[in-house]
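Here's the structure we're looking at; comments come further down.
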Amino acid sequence: KFWDFELLSSEAHQQKILSILHKRTLELDEGVTCVSMSQDSRLIAVGLLDSTVKVFFVDTLKFFLSLYGHKLPVVCMDISSDSTIIATGSADRNMKIWGLDFGDCHKSLFAHDDTITGLKFLPNTHQIFTCGKDGEVKHWDADNFQRIVTLKGHLGEVWTLSVSPNGKFVASSGKDRAIRLWEKTQEIVVLEDERETEREEAAEQDVGDSQPVPGEQDKETSLPSKRNVETEKGAEALMEGIELYYQTIESQDPQLPPLMLAYGAENPLDFMAGAIGRIKPAQLEETLLVLPLDVVERLMGIMLKLLKNQVEVEIVSRCLLFLLEIHH
């Protein structure tokens, strides 16, 4: 069904009120699972229970393309801002990227370990965010057919997501009854580093799932200090930031150092908030473990000031609690 917004006169109100009116109906042979309209209002794509997607012209409702390939019904889909490609997510756990010129499938990607429940393009790009019942939100490049990053945080299935018009925020929600807001950062993502981090996390998970050795006490073992390239780099950058912070405070020079200005910091405390935030979440605890005790003491002083000023409260609290647990 097609609906139009219209301003209608109301006897109860002196001003006109906004209403929605049914204008047209497109009859289909199968049940509809999802719809998506191109931004230029030229095409409308309809997902059907027979696992196909049919594309029609909006003005005439004439048939244009049929997209075959999914083994199970398409649950979600979206058309890019330039109306050149469409991405579809299905209960078969695959995401397919199609051209809207001839309806050819550019690529089929195994996207999630369970049904794909949400899919949105970033405005004015060919980058896609998807979510699924596996509890993960993923960021994809539809031109290179690569996964950029996986966002974990939901406890349970993720049912839907939305992208802000400026492309800086992604909101997701699901079975855990929480709405999580993901913000775009200036951090440069190196795909090889991301894949290496994921392999390390998978290896740690395998170790965590192993059976306990008979005779061991039933208590949590301490986290080992894993030194790798990312950990060393993160620790070095953090120590340099701490040193620069105290030098700037002690000098009482109103002019910030060039490094702080390069990161867009307004003051030394703002610079440290950014320095902590730039550490990859997967490397955060390992990076803190590498720090010498004297550096930890200076860092905790900075963190207390950040908490007092309510800056980066979530990540600072996580760091502070971890350091207290390790060094108490």
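The values are calculated or read from the model by the stated rules, or taken from the named source; none is laboratory data. Only a predicted model underlies this, so the values are computations on that prediction, with no experimental measurement involved. Because the Cβ atoms are built from the backbone with ideal geometry, glycine has one as well, and the counts that use them run over all protein chains shown. Accessible surface areas use protein heavy atoms only, side chains included; no ligands, DNA or RNA. Shrake-Rupley method; radii C 1.70, N 1.55, O 1.52, S 1.80 Å.
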Set of lysines near LYS1 by C-alpha distance (under 28 Å), chain-local residues within fewer than 8 positions excluded: LYS16, LYS23, LYS54, LYS62, LYS71, LYS96, LYS120
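Using a simple charge model, +1 on the beta-carbon of Lys and Arg, -1 on the beta-carbon of Asp and Glu, nothing else, what dipole does the stretch 1-125 show about its Cα centre, in debye to the nearest 20? Mind showing how you got there, number by number?
Numbers: 12 positive and 16 negative charges, 12 e Å.
For this selection, approximately 60 debye.
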Probe 1.4 Å, accessible area per residue of the chain, Å²: 60
Order by protection proxy (mean Cβ within 10 Å, highest first), peptides 251-262, 100-111: 100-111, 251-262
Value of relative contact order over the chain, rounded to a whole percent, pairs C-alpha under 8 Å and six or more apart: 7
Candidates ILE279, ILE79, ILE97, ranked by Gaussian network fluctuation over the chain, Cα under 10 Å, top entry: ILE279
Listed values (1) 25.4, 82; (2) 19.2, 63; (3) 46.7, 162, entry calculated as Rg and Dmax of the Cα atoms in Å: (1)
About the Cα centre, charge dipole magnitude for the stretch 114-203 (Lys/Arg +1, Asp/Glu -1 at Cβ), debye: 540
Kyte-Doolittle at least 0.0, axis length at least 27 Å by Cα - qualifying DSSP helices, the chain: none
Long-range HN-HN contacts of VAL58 with modeled amide H, under 5 Å: LEU43, ILE44
Phi-based couplings in Hz for the stretch 116-122 (Karplus 6.51, -1.76, 1.60; Gly and Pro marked x): 7, 9, x, 7, 9, 7, 6
Positive-pole candidate from VAL58, LEU119, ASN94, dipole of the chain, charges at beta carbon: VAL58
Of LYS233, LYS16, LYS133, the one that fluctuates the most in a GNM where the chain has Cα springs shorter than 10 Å: LYS16
Hz values of 3J(HN,Hα) by residue in the stretch 62-68 - Karplus curve (6.51, -1.76, 1.60), Gly and Pro given as x: 7, 5, 10, 9, 10, 10, 9
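If you rank VAL75, VAL316 by how much accessible surface each has, with a 1.4 Å probe, what is the order from largest down? Please report the intermediate quantities before stating the final value.
On the way: VAL75 60, VAL316 0 Å².
Ranked from most to least accessible, the order is VAL75, VAL316.
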Estimated [θ] at 222 nm from DSSP helical runs (n ≥ 4, -39500 (n - 2.57)) normalised by residues in the chain, nearest 500: -9000 deg cm²/dmol
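Once a ≥ b ≥ c are taken as the square roots of the eigenvalues of the Cα gyration tensor of the stretch 279-323, is the result rounded (a/c under 1.5), prolate (a/b larger than b/c) or oblate (a/b not larger than b/c)? Write out the running numbers ahead of the final one.
Working: a/c = 2.49, a/b = 1.22, b/c = 2.04.
Oblate is the answer for the stretch 279-323, as a/c is 1.5 or above yet b/c matches or exceeds a/b.
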Protection proxy ranking, peptides 51-58, 18-25, 125-132, 196-203, average beta carbon neighbours within 10 Å, highest first: 125-132, 51-58, 196-203, 18-25
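Quick one: net charge around SER90, please, counting Lys, Arg +1 and Asp, Glu -1 for every other residue with C-beta under 13 Å from its C-beta. Before the final figure, lay out the partial values.
Numbers: positive: LYS71, ARG93, LYS96, LYS133; negative: ASP50, ASP92, ASP114.
Result for the local shell: +1.
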Distant-in-sequence amide H partners of VAL75 (H built 1.01 Å from N, under 5 Å): GLY89, SER90, ALA91
Sequence-distant residues sharing a close amide H with ASP114 (under 5 Å, placed H): LYS133, ASP134
Cβ-defined net charge surrounding ASP141, 13 Å radius [Lys, Arg +1; Asp, Glu -1]: +1
